[in-house]
Amino acid sequence: MPKDTWGDQRTISGFMTHLLRKEYGTFQLAASEIGGGPGFFHKLAKYASVSSREFFYLPIPFFLAGVLASLGSFASRYGWKRTGLFWILIGYVSYIVVFLALSNLSFEPLFLGVQKRLWMQGSLCMLFFAGIGLNLITSELLQVKINRRDGSVKTQYLSMIQRSIKAISVFALASALLVLNFRKVDHHRNNVVEIYGKRILDSMPDQAILLVNGDLNNNAVKYMQQCEEFRQDLDILGMQQMSWPWWVAMHRHHYPNITLPGNRYHVGIPGSFNMKQFLDANTDRPIFMCGQWKYGDASVKDVYETLPYGACEKIIKKDTLPDDLTEYFSRSWKALPKMEDTGPYNSRLYGNETWENMVYRDMWNRMVHLSSVVSFYSFENKEDTKLLNLSKRIFDYIFSRDMFSLLKSKNVYRSSDYRAGGIIYGKWAAGKKGYSKAEAEKTMIRLWEKYLKLEPEDSELENFVKYKINPDGHMQHHQ
């Protein structure tokens, strides 16, 4: 069985379970823990609204005319087979009704993007009937009758004119949609997810074990390893896949250097193993995790902890921190994918509904997380100068012009980020003199001003901002 094949296809029953997506709920899109979403009529209204907008409403009148024509006497007038058109219409309606009834995802941007890609099949039928409507309208409008003496209808050139008008109309509609949408859908140079996955794998030490959780983490790194044959020395395990009863039996042979201490990764099922047992059985190799611990498994809580490492986390035993934290966190910062790797953010191409947008958000979240952890250890070590310098360097990048314009427009900066950034700049400035001190304190005040716009009830910081005071700089007043 190929590596990472989904589902138990060793039996007819297992194959049918996979085919019908029974593990998620028959033909549904998501597992119960993330599924849900609005009611049917809300989804129907959203489908109609999004489909119409994406075509700029241009084919809608023709679509309605085509549906009416297919059901009425016009069909027979033009020699169309009403039975065939009727069943195509039934197929279209059935697809939309069944899909919307079973699509158990919310309309948050990323999930809406997933559903929109599956609505395209319905759009093909919509455009089919729009073509019928266009044919009907042009034919009816061009029924020019010129009475001869004998009462017959002169139709010379009429057929040619009709065909020309129809061809021009179709070309004009298609060209308009192409012109209006081309820049938005031109992804021929888009390799953001590929670069992100490659940077993650490139940062890993030799022979490491990489646990992945979440669609982006799972697919980005496994594509690079299995399709591009990059970093074949790593063992990459999907935490979600390991939890299914068929995974260990079907895929154990792909991981000869991994010890799987049970028949399934699960908590509380006889014969299964939890994450602590897995980690204990594989302590001879460095282990990293991209994503979160699997929900419901608290077995690692008192034994293992994580330290940020690039876009992932390094899993270590409790109280076994690296001897040189500055060196470790510097490597972690270097390992993080950045905009220099992926290229500048393009809001036109990478909207909230795209995985590329998720890549940029994850990059930023990992930067904020790393800066927070570095700041914590700098304070724990009596404001270690090297760690404080590194923390400030990370915040310099986070609040740089390019990152700030990107992330502010997406409303991903949290009030706590402004507050934490201001604290770091203030502590760093306390040990400096001259221009660098003044600039750092100006940045501190600027970030706290942004924080107070979001958290105006914080009276303590309000006084620091009002009087331009650095609480770590001996209460110095700056004009």
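The values are calculated or read from the model by the stated rules, or taken from the named source; none is laboratory data. These numbers come from a predicted model, not from an experiment. FYI the Cβ positions are ideal-geometry reconstructions off the backbone, even for glycines, and counts take in every protein chain you see. Ligands, DNA and RNA are stripped out before the accessible areas are found, and what is left, the full protein with its side chains, is counted by its heavy atoms. Shrake-Rupley method; radii C 1.70, N 1.55, O 1.52, S 1.80 Å.
When peptides 89-97, 247-255 are sorted by average Cβ neighbour count within 10 Å, with the highest value leading, the order is 247-255, 89-97. The length gained by stretching the chain between ASN463 and LEU64 to full extension, at 0.36 nm per residue less their Cα-Cα distance, is 137.3 nm. Straight-distance candidates among the aspartates and glutamates for linking to LYS46, with alpha-carbon spacing under 19 Å and chain neighbours fewer than 8 residues away dropped: GLU54, GLU108, GLU353. Of all lysines in the structure, those lying under 25 Å Cα to Cα from LYS166, and not within fewer than 8 positions of it along the same chain, are LYS81, LYS145, LYS154.
Segment SER347..PHE86, full-extension length gain: 89.8 nm, with 0.36 nm per residue of separation and the alpha-carbon distance subtracted.
The GluC sites (Glu not before Pro) of segment 167-266 that DSSP puts in a loop, and whose beta carbon has at most 10 other beta carbons within 10 Å, are GLU229. Placing dummy labels 7 Å off each Cα toward the beta-carbon, the span from GLU54 to ARG331 is 4.6 nm.
For segment 276-377, the number of Lys pairs separated by eight or more positions or lying on different chains, with C-alpha atoms closer than 17 Å, is 10. Rg and Dmax of the chain, based on Cα coordinates, read 30.2, 108 Å.
Cross-link partners for LYS453 among the lysines, with Cα-Cα distance under 27 Å and sequence neighbours closer than 8 places in the same chain left out: LYS392, LYS408, LYS410, LYS427, LYS437, LYS442, LYS466, LYS468. Computed over protein heavy atoms with a 1.4 angstrom probe, the accessible surface ordering of LEU100, LEU127, largest first, is LEU127, LEU100.
The packing ranking of peptides 372-381, 172-181, highest mean first, is 372-381, 172-181, where packing means the average number of other beta carbon atoms within 10 angstrom of each residue. Against the empirical curve 2.2 N^0.38 Å, the C-alpha radius of gyration of segment 200-279 lands at a ratio of 1.10. Maximal additional length on extending the GLN9-LYS386 stretch stands at 130.3 nm, based on 0.36 nm per residue less the C-alpha distance.
For the chain, a crude dipole built from +1 on the beta carbon of Lys and Arg and -1 on the beta carbon of Asp and Glu, taken about the Cα centre, is about 2320 debye to the nearest 20. Span-like helices, the chain: DSSP H, alpha-carbon axial extent 27 Å or more, mean Kyte-Doolittle -0.5 or greater, which ones? Length and hydropathy pass: 82-102, 109-141, 158-185, 355-380. Highest-first packing order for the peptide set 385-395, 182-192, 463-473 is 385-395, 463-473, 182-192, based on the mean count of other beta carbon atoms within 10 Å.
What is segment 345-392 by shape, rounded, prolate or oblate, if you read a ≥ b ≥ c off the alpha carbon gyration tensor as root eigenvalues and call it rounded for a/c under 1.5, prolate for a/b larger than b/c, and oblate otherwise?
prolate
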